[in-house]
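Structure first, commentary second.
Read the figures in this text as sums done on the coordinates, not as results from a lab. Model, not experiment: these values are computed from the prediction. All Cβ positions, glycine included, derive from the backbone under ideal geometry; neighbour counts span all protein chains shown.
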Amino acid sequence: MRANELQAIYIMWMRQMKRFVRSRSRVISMIIQPLFFLIFLGVGFRNVQMPGLEGSFIDFLAPGIVAMAILFSSMFAGVSVLWDKQFGFLQEVLVAPVSRFSIIIGRTLGGATTALIQGLIILIISFILGVRPSSIPGLLLAIVFMILIAFSAVGFGLVIASRMNDFEGFQLIMNIIMFPLLFLSSAFFPVKEDMVLRTLSFFNPLFYMVDGLRGSLIGTENSIFSPFMDLVVVIIICVAMLSLGSYSFSKSEV
Amino acid sequence: MNIVETFNLTKRFNDLTAVDHISFSVRKGEIFGFLGPNGAGKTTTIKMLTTLLNPTEGTAKICGYDIVRDRDMVRQSIGVVFQEPALDTMLTGRENLDFHARMYGLSREERTTRIEEVLKLVNLVEKKDTLVKYYSGGMKRRLEIARALMHFPKVLFLDEPTLGLDAQTRRTIWEYIKRMNKEEKTTIFLTTHYMDEADFLCDRVAIIDHGKIIALDTIPNLKNAIGNDVIILSCSQPTDLRKRLEREDWVKSIEQHNSSLTLGVEMGEEKIPIIVEISQKIGVKIKSISVRKPTLDDVFLHFTGRRIRDEKDANSSLEKRSSFRRRGV
Ligand SMILES: Nc1ncnc2c1ncn2[C@@H]1O[C@H](COP(=O)(O)OP(=O)(O)OP(=O)(O)O)[C@@H](O)[C@H]1O
Ligand SMILES: [Mg+2]
């Protein structure tokens, strides 16, 4: 790879960092929303008994909320290519002597980084709220999961951005696809004991992300598969999403 | 030497042929204008030449590189200012330039000196650390022009560089365009539907209509093609005078707009007394009369039978919208 391409990846990434820092209200709302979920659900259902729930509810919930925060903000980062398209900036990028591949890498790295920062903030806040990681290697594996979730969702965002021409389409996808998948992913409540939910969740890509993150972060009592099995599935999902995302992006017209 | 050459360049969108087998060449160092009404195919041509769209048929060469096969080399050799604004408004002016410089692989030293240089060229040095969203429309346009120059392109494409700007800003932008053509020896390919713009800037002009080139020449030659002066007069009974003048064989063309007549003639100055005499004879009072050299507007009329302005009026709402977009956000 030429030095030129590395420069391009760097500056694409840097641009998104700058935009991230400068759009404070968006960042705050993207952190506040999952935080409210965590605090109100976590504290509100503190003493609730659920079938299949081991230990405290907030421990169970925290990984789900972290996954949700990363998913939404990376998807948004992927879809924000639409902004560039609408405001013409995409043309400036595409007319530069830089390969489409580097452009996609830069874009994905930028989006994933911003989403990870938000995910880490939620994670730290959940530690403050009393959630404890099971072990140091577990925590590290959890961070690997967070990275994979971020990249997969940016990829998915890129697919949407290449197929749609406005944000209404994105809203629609969020409401009719992402929310149901998220609710059925065991992010908010266990699906272990209900055979129908449990079977359905095996077809839900988000389930493996949440299950793996939970298993590695707080221990395997509440997860269905072992974190390593989840890891394999999530890596496959991630590679598929990124390939699909870059393919759609490189084919889309300005 | 030809720096841009097209060979039957064609683009079809479904049933619509937006660009229809055009072949022309741009010489090194000149300012070449593409002049045509809305929807003529100017932007589509630029998008093909700048590798953003694939031609349906035919091809083109820029600095000897094929626009389909040697995209990277073409991209390396050109600078583009798009019709629609293409800045990141959440970045400062300097950051936009820095983004561009790195995308084009400029070294650290090149970046710092060149950013200062182009900012100076378009008079934006004081504004460099302001977010672009706080720039005026004209400032944004100047920044885009500066940016397109960052990497020393051999050819600069400007798609409607002054669309939606006020008269004074247009003037300044014209000055910058002239200056970079002279000082940086950049070949310039620009599109416009403003006659005065092409008239002021371009060495040679191609007139494009419905995707086809209908005339291509230097501006003096195009004007000579009409072979006459234009006389404009306003009078009391224009219809009577028009009917009378139509009988004179030295009147090449005559047109009536409300109370004014526009005539195409040879040696205009000598025809004025004759017209005055005729109108006195038939009792028509002339309020004013003047001779001018034909403009590109007249040239367009001559070649297409239509005035560019007629279409522009029909599309004025569209134009307003795009100028609004440029200022907004
Ligand atoms: N992506 C597209 N899909 C379908 N039709 C298109 C597309 N882009 C342009 N056209 C059509 O091609 C024709 C030429 O458009 P183009 O934008 O090249 O015109 P133009 O000369 O730049 O006009 P203007 O002065 O308004 O900018 C128009 O009829 C336009 O509707
Ligand atoms: Mg156009």
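Below are the figures for this structure:
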item: The protein assembly as shown: calculated mean residue ellipticity at 222 nm from DSSP helix runs of at least 4, using -39500 (n - 2.57); result: -17500 deg cm²/dmol
item: Phi-based couplings in Hz for the stretch B:253-260 (Karplus 6.51, -1.76, 1.60; Gly and Pro marked x); result: 8, 8, 9, 10, 10, 6, 9, 10
item: Gyration tensor verdict on the stretch B:227-293 (Cα atoms; rounded if a/c is under 1.5, prolate if a/b is larger than b/c, oblate otherwise); result: rounded
item: Estimated inter-spin distance, B:GLU116 and B:ILE232, nm [label 7 Å along Cα→Cβ]; result: 4.8
item: Those trypsin sites (Lys or Arg not before Pro) in the stretch B:43-133 that DSSP places in a loop and that have at most 12 other beta carbons within 10 Å; result: B:ARG69
item: Computed log₁₀ I(q)/I(0) - Debye formula, equal Cα scatterers, no solvent, chain B, q 0.13 Å⁻¹; result: -0.99
item: Shielding score for B:69-79, defined as the mean number of other chain Cβ atoms within 10 Å; result: 2
item: Shielding by partners, peptide B:82-88 (average Cβ within 10 angstrom, other chains); result: 6
item: Nearest-0.05 FRET efficiency for A:ILE235 and A:MET50, computed from C-beta distance (R0 22 Å); result: 0.15
item: Chymotrypsin sites (Phe, Trp or Tyr not before Pro) within the stretch A:185-254, DSSP loop, no more than 10 other Cβ atoms inside 10 Å; result: A:PHE203
item: Mean projected area in nm² (Cα convex hull; one quarter of hull surface) for chain A; result: 13.6
item: Among the listed pairs B:LYS61/B:LYS223; B:LYS243/B:LYS281; B:LYS223/B:LYS243; B:LYS28/B:LYS182; A:LYS251/B:LYS128, those beyond 24 Å (Cα-Cα); result: B:LYS61/B:LYS223; B:LYS223/B:LYS243; A:LYS251/B:LYS128
item: For the stretch B:67-197, alpha-carbon Rg and Dmax in angstrom; result: 14.1, 42
item: Estimated FRET transfer efficiency when R0 is 51 angstrom, pair B:LYS212-A:ILE176 (beta carbons, to 0.05); result: 0.60
item: Principal-axis tilt of helix A:3-22 within chain A, Cα atoms, nearest 10 degrees; result: 60
item: Pairwise centroid distance, computed over Cα atoms, of the stretch A:4-39 with the stretch B:148-169, Å; result: 32
item: DSSP-defined beta bridges in chain B - what % are antiparallel, rounded to 5; result: 70
item: Which of A:THR199, A:THR114 has the fewest Cβ neighbours within 10 Å, and the rest in rising order; result: A:THR199, A:THR114
item: Which of A:PHE183, A:PHE40 has the fewest Cβ neighbours within 10 Å, and the rest in rising order; result: A:PHE40, A:PHE183
item: Cα centroid of the stretch B:104-143 to Cα centroid of the stretch A:96-122, whole Å; result: 25
item: Residue mean of other protein chain beta carbons inside 10 Å, A:91-103; result: 6
item: Cα-Cα separations in the stretch B:256-297 greater than 17 Å, expressed as whole percent; result: 35
item: Equivalent ellipsoid, the protein assembly as shown (semi-axes from 5 times Cα gyration tensor eigenvalues, Å); result: 63, 24, 21
item: Antiparallel bridges, percent of DSSP beta bridges restricted to the protein assembly as shown (to nearest 5); result: 70
item: The stretch B:1-55 - Rg (one decimal) and Dmax (whole number), Cα, Å; result: 11.5, 37
item: Relative exposure of A:ILE28, B:ILE62, B:ILE219, judged by other C-beta atoms within 10 Å (fewest first); result: A:ILE28, B:ILE219, B:ILE62
item: Sites matching trypsin sites (Lys or Arg not before Pro) across the stretch A:1-89 that sit in DSSP coil, with at most 11 neighbouring C-beta atoms within 10 Å; result: A:ARG46
item: C-alpha center-to-center spacing [the stretch B:188-222, the stretch B:1-63] in angstrom; result: 14
item: Relative contact order %, chain A, counting alpha carbon pairs below 8 Å whose residues are six or more apart; result: 27
item: Sites B:SER136 and B:GLU57, calculated FRET efficiency, Cβ-Cβ separation with R0 45 Å, nearest 0.05; result: 0.60
